[in-house]
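Have a look at the structure below, then the notes.
Just so it is clear, none of the values below were taken in a lab; they were calculated from the coordinates. Computed from a predicted structure; not experimentally measured. Here Cβ is always computed from backbone atoms with ideal geometry, including for glycine, and neighbour counts include all displayed protein chains.
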Amino acid sequence: MDFRWDIVIEYLPLFIDGMKLTLLISLLGVIFGSIWGLLIAFGRMIKNGWLRFPFSLYVNFFRCTPMLVQLLLIHFGVMPLIMSTPNAVISAIVTLTLNSGAYMAEIFRAGIQSIDRGQTEAARSLGMNQIQAMRFVVLPQAIKRMIPPLGNEFITLIKDSSLASVIAAHELLYYGRAPMGHYSRPWEGLLSAAFIYFVICMTLTVIVDKVEKRLKIDD
Amino acid sequence: MIKIKNIHKKFGKNEVLKGINLHVHPQEVVVVIGPSGSGKSTLLRCVNALEHFHQGEIEVCGITVSPKSKELNELRKKVGMVFQHFHLFPHRTVIDNITLAPIQVLKQSKKEAESKAIALLEKVGLAEKKDVYPSSLSGGQKQRVAIARALAMEPKVMLFDEPTSALDPEMVGEVLAVMKNLAEEGMTMMIVTHEMGFAREVADRVIFMDEGIIMEENVPNVFFEHPQNERAKAFLSKVLL
Ligand SMILES: Nc1ncnc2c1ncn2[C@@H]1O[C@H](COP(=O)(O)OP(=O)(O)O)[C@@H](O)[C@H]1O
Ligand SMILES: [Mg+2]
């Protein structure tokens with residue numbers, strides 16, 4: 001097999017553009033997903049089963065259906081109801097937000113519930129209300145435990161954002177597939193994309209591992 | 001000071017408190033003893049509204065709590081609680097453990113809260129530990145910090161739930177000494193403990209609970225020398241070996 005470096009060089013500026021969009025989509029997905037996920041997490045912890053049900057349904061829907069199906073539903077089904085000309089990048093960000101929100105909700109919930117009940121009780125016995133106990137006592141301890149799984153979720157999100165190439169968002173894999181069309185050659189584009197994903201995710205993995213070790217020492 | 005009127009509490013079908021009546025007077029020290037599972041912790045937790053009850057009424061410092069009450073933080077501000085397992089906040093230094101609630105709940109300034117906290121740490125003999133994290137303290141030191149933390153809210157009543165049960169034997173004394181001091185200063189206290197020597201020395205009244213009922217109550221001398229109730233006799237013969 002001959003590998004044509006000239007194709008890689010020709011497409012390199014596009015790969016870089018695609019990488020930037022991939023990072024942007026993932027970053028916005030993780031930020032909006034965290035905020036959304038925190039709200040869902042509190043919904044999942046409501047004592048009343050009827051009020052809790054919609055939040056559980058939400059989480060389970062997004063965890064138990066393929067992200068590609070979610071993306072297509074949102075891009076071709078939901079977005080046309082909201083905007084006249086659906087934008088692939090916006091659809092991708094919305095899908096990643098809604099999807100990662102479900103996963104992050106579970107990370108937040110597990111983190112919050114991993115803190116000993118005694119901590120909340122001690123805070124309440126000192127006259128703090130529920131919000132103060134959450135804010136000053138439970139969350140600061142829980143966030144430490146959430147950082148590693150949140151980092152892993154971010155890595156997953158970066159990889160999953162490649163699905164957006166299916167709806168022609170001009171992210172990394174979109175350009176990674178382009179040489180296949182022009183030259184009918186799979187290797188150059190796809191391997192370049194794979195390489196860039198690998199470098200990004202590997203870097204993040206190393207960072208997450210470091211942070212995790214650091215947090216363990218502090219405990 | 002504390003008026004407990006006919007409290008009933010169930011966990012599911014399991015009735016844990018079956019009609020408790022108890023008045024604690026200002027400056028009185030009441031020690032609650034009884035076998036494990038008899039409902040002692042649950043009773044204390046009801047007084048601090050950490051546990052919801054199904055029937056009856058509790059009045060503390062003029063604030064009445066019933067099964068329907070919503071304003072529980074006001075009550076908790078007046079009642080300090082010390083737990084068997086301390087429950088210090090591990091992410092905060094000793095002094096920040098003590099000042100958190102006064103700053104957030106009582107809206108004291110940081111400076112005011114800290115100077116009060118230092119005075120309290122001196123009182124429990126731990127002034128030099130003010131800037132360390134709880135994980136570096138021994139059990140006895142942790143419990144003394146927990147007592148200081150509760151006192152920082154200037155409670156009218158202090159509740160202790162087996163404050164020395166999680167401690168190594170050599171550390172029990174230092175915690176009991178702090179509690180005895182507090183009693184001598186006139187603090188109103190309700191204490192669940194298995195330290196019979198302490199009960200005898202410090203209590204104004206001893207309550208014996210079993211199966212969710214107060215079986216016997218008396219001044220310590222009479223209670224320990226001449227228990228009337230059969231279960232109290234059996235219990236004492238086990239713990240006073
Ligand atoms: N959160 C709870 N849920 C269910 N049952 C409980 C709970 N807390 C206590 N109990 C039950 O209530 C009874 C009394 O418990 P407790 O008040 O802790 O007793 P004590 O402090 O005297 O040992 C026990 O039978 C215990 O199993
Ligand atoms: Mg108990």
For the pairs B:9/B:40; B:130/B:180; B:156/B:180, flag any whose C-alpha to C-alpha distance is greater than 20 Å.
B:130/B:180
Expressed to one decimal in nm², the mean projection of the alpha carbon convex hull of segment B:53-168 is 8.0 nm²
Which residue, B:49, B:117, B:166, has the most motion in a Gaussian network model of chain B that connects Cα atoms within less than 10 Å?
B:166
Restricting segment A:1-74 to chymotrypsin sites (Phe, Trp or Tyr not before Pro) in coil, as DSSP defines it, with at most 14 other Cβ within 10 Å
A:3
Set of aspartates and glutamates near residue A:216 by C-alpha distance (under 18 Å), chain-local residues within fewer than 8 positions excluded:
A:116
For residue B:189, other-chain or 5+-apart residues with amide H closer than 5 Å (H placed, Pro excluded) are B:28, B:29, B:30, B:158
Let a ≥ b ≥ c be the square roots of the eigenvalues of the Cα gyration tensor of chain A; is it rounded (a/c under 1.5), or, if not, prolate (a/b larger than b/c) or oblate?
oblate
A correct Stokes-Einstein calculation for chain B, using the alpha-carbon Kirkwood radius, 37 °C and 0.692 mPa s, returns a whole-number D in µm² s⁻¹ of 178 µm²/s
Unit charges on C-beta of K, R, D, E only; dipole of segment B:1-62, Debye:
240 debye
Sorting A:134, B:86, A:9 by the position of each Cα along the dipole of the protein assembly as shown (Lys, Arg +1; Asp, Glu -1; all at Cβ), the one nearest the positive end of that ordering is A:134
Sum of side-chain charges, residue B:219 neighbourhood, beta-carbon under 14 Å (Lys, Arg +1; Asp, Glu -1)
-4
Between residue A:84 and residue A:201, what length in nm is gained on full extension when 0.36 nm per residue of separation is reduced by their alpha carbon distance?
38.6 nm
Spelling it out for residue B:16: with amide H atoms placed in the peptide plane at 1.01 Å from N, the residues 5 or more places away or on another chain with amide H under 5 Å from its amide H are B:9, B:10, B:11
Ranking B:78, A:216 by Cβ neighbours within 10 Å, fewest first, what do you get?
A:216, B:78
FRET efficiency (residue A:46, residue A:68; Cβ distance; R0 30 Å; to 0.05) is 0.45
Taking placed amide H atoms and a strict 5 Å upper bound, the residues 5 or more places from residue B:216 or on another chain that come that close are B:208
Two pseudo-spin positions, 7 Å from Cα along C-beta at residue A:183 and at residue B:59, lie apart in nanometres by 9.0 nm
Mind checking which of B:195, B:174, B:128 has the largest fluctuation in a GNM of chain B, springs on alpha carbons under 10 Å?
B:128
Using the crude model of +1 on Lys and Arg Cβ and -1 on Asp and Glu Cβ, and no other charge, please compute the dipole size for chain A relative to its Cα centre, in debye to 20.
840 debye
Test of understanding: ordering A:65, A:120 by Cβ neighbours within 10 Å, fewest first, what list do you get?
A:65, A:120
Can you pull the mean other chain C-beta count within 10 Å for peptide B:144-153?
1
Just report the Cα centroid separation between segment B:46-83 and segment A:158-203, whole Å.
62 Å
Please compute the Kirkwood hydrodynamic radius over segment A:28-115, one decimal place, Å, based on all pairs of different Cα atoms.
13.5 Å
To the nearest 0.05, what FRET efficiency results for residue A:31 and residue B:109 with a Förster distance of 45 Å applied to their C-beta separation?
0.80
Order by neighbour count: B:82, B:192, fewest other Cβ atoms within 10 Å first, most last.
B:192, B:82
